[in-house]
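The values are calculated or read from the model by the stated rules, or taken from the named source; none is laboratory data. Because the structure is predicted, anything quoted here is derived from the model rather than measured. When we count neighbours, we look across all protein chains shown, and the Cβ atoms used for this are built from the backbone with ideal geometry, even at glycine.
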Amino acid sequence: MSALKKTTDSTVSALYEFEDIQLTEKMFGKFAKHMYDLAGVDLPFSPKNHALIRNRIVKLLRRHGLKSYEEYWAMIEHGNHELTSEFISALTTNMTSFYREGNHFDFLAQQLPELYKKFGADIRMWCAAASTGQEPYTIAMTANEVMQSIPGMKARLLATDIDLQVLKKASIGAYEDREMQGLPSAQRLKYFEKVKKNDTEFWRAKDSIHDMIRFAQFNLMSPKYEFQHKFHVIFCRNVLIYFDEETTKKVIDGLTSCLAPGGYLILGHSESGNIKHANLKPLSRAVYQKT
Ligand SMILES: C[S@@+](CC[C@H](N)C(=O)[O-])C[C@H]1O[C@@H](n2cnc3c(N)ncnc32)[C@H](O)[C@@H]1O
């Protein structure tokens, strides 16, 4: 490290100086608690979580020209909406891909005709941790395929996330090649078109799927899960893993309260271990039906 500081390149030198800033256990605790209070994300002290908070917040120190985690804490402790949003965005993990845990989309394709028969023309779905959008667009493509064989059927999707940065990307719906992982080329050509911006090529979702989705911010910690109508299908995948047991229970209660009886709740494969709710019947891997 000190050898690097001696470099004649002042930019590299400045960058590496940030690496030397220490995140004490006390400051780690403050950031972890703040994230828990804001988003329910549980980051108990461990070398892995220490590195996570340190590596992600050091970028914000650089951005704001600050020299210590203490200075950053003083700035965000009673921070405005923008600073809070930036903090949450830095500490959320947004990994996602098209057709992730693919059996859930086979299940959706099988059930949609039944839901249509039972509930009528307008099927309402909610993707509650939508990240950069690959999941809601996969749901929209799946529904679109079914709609093509059932004249009159309509499906709409609400896609939410706590993180405004990923939500913005999701609502634009344009992805570089490396972000298209998991999407078969036939689907890519049918539902996406190539666009170019600043010399970079993107695949942008066509209106046929883009217009099925409404994007909005929603914090799963919200005390009220109030929506105009009940949903017929809710996807809430790979986010409960970041919550503790008490928070998970509250979120499951909230999600179940806004499902129509007979509707489906779909969680991530690794999350269904100890989900118990009087009104949820387990059906298949991480899939529940509201009774
Ligand atoms: C690992 S991604 C999962 C994305 C997608 N559901 C999937 O399975 O591919 C987790 C997402 O949950 C979001 N998240 C974390 N805490 C949240 C909260 N309290 N309310 C809503 N979304 C939250 C994060 O911003 C992130 O985009």
Can we say Arg214 is at pLDDT 95 or above, assigned to a strand (DSSP E or B) and of a type outside the set (Gly, Ala, Ser)? yes
Breaking point among (1) over 24 Å from Thr248 (Cα atoms); (2) surrounded by fewer than 21 Cβ atoms within 10 Å (Cβ to Cβ), for Ser97: (1)
Every residue in segment 148-200 that is of a type in the set (Asp, Glu) and either under 21 Å from Ala128 (Cβ atoms) or surrounded by 13 or more Cβ atoms within 10 Å (Cβ to Cβ) (or both), please. Asp161, Asp163, Glu179, Glu193
So which of Gly182, Gly254 is in contact with a Lys or Arg (Cβ under 9 Å, 6 or more places away or on another chain), modelled with pLDDT of 95 or more and part of a helix (DSSP H, G or I)? Gly254
Kindly provide the set of residues from segment 268-282 that are among the small types (Gly, Ala, Ser), loosely packed, with under 13 Cβ neighbours inside 10 Å and assigned to a loop (DSSP other than H, G, I, E, B), ordered by number. Gly273, Ala278
Which of the residues spanning segment 257-291 are among the β-branched types (Val, Ile, Thr), within 21 Å of Ala159 (Cα to Cα) and modelled with pLDDT under 95? none
Could you tell me how many of the residues in segment 256-266 are surrounded by 21 or more Cβ atoms within 10 Å (Cβ to Cβ) and either within 11 Å of the ligand (Cβ to nearest atom) or on the phi > 0 side of the Ramachandran plot (or both)? 1
Just name the residue that is farthest from the ligand (Cβ to nearest atom) out of those in segment 115-133 that are surrounded by fewer than 21 Cβ atoms within 10 Å (Cβ to Cβ) and not in a loop (DSSP other than H, G, I, E, B). Lys117
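Matching residues to (1) assigned to a loop (DSSP other than H, G, I, E, B); (2) surrounded by fewer than 19 Cβ atoms within 10 Å (Cβ to Cβ); (3) in contact (Cβ under 8 Å) with a residue 12 or more places away in the chain; (4) more than 12 Å from the ligand (Cβ to nearest atom):
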| site | (1), (2), (3), (4) |
| --- | --- |
| His104 | no, no, yes, no |
| Leu108 | no, no, yes, yes |
| Pro113 | no, yes, yes, yes |
| Tyr137 | no, no, yes, no |
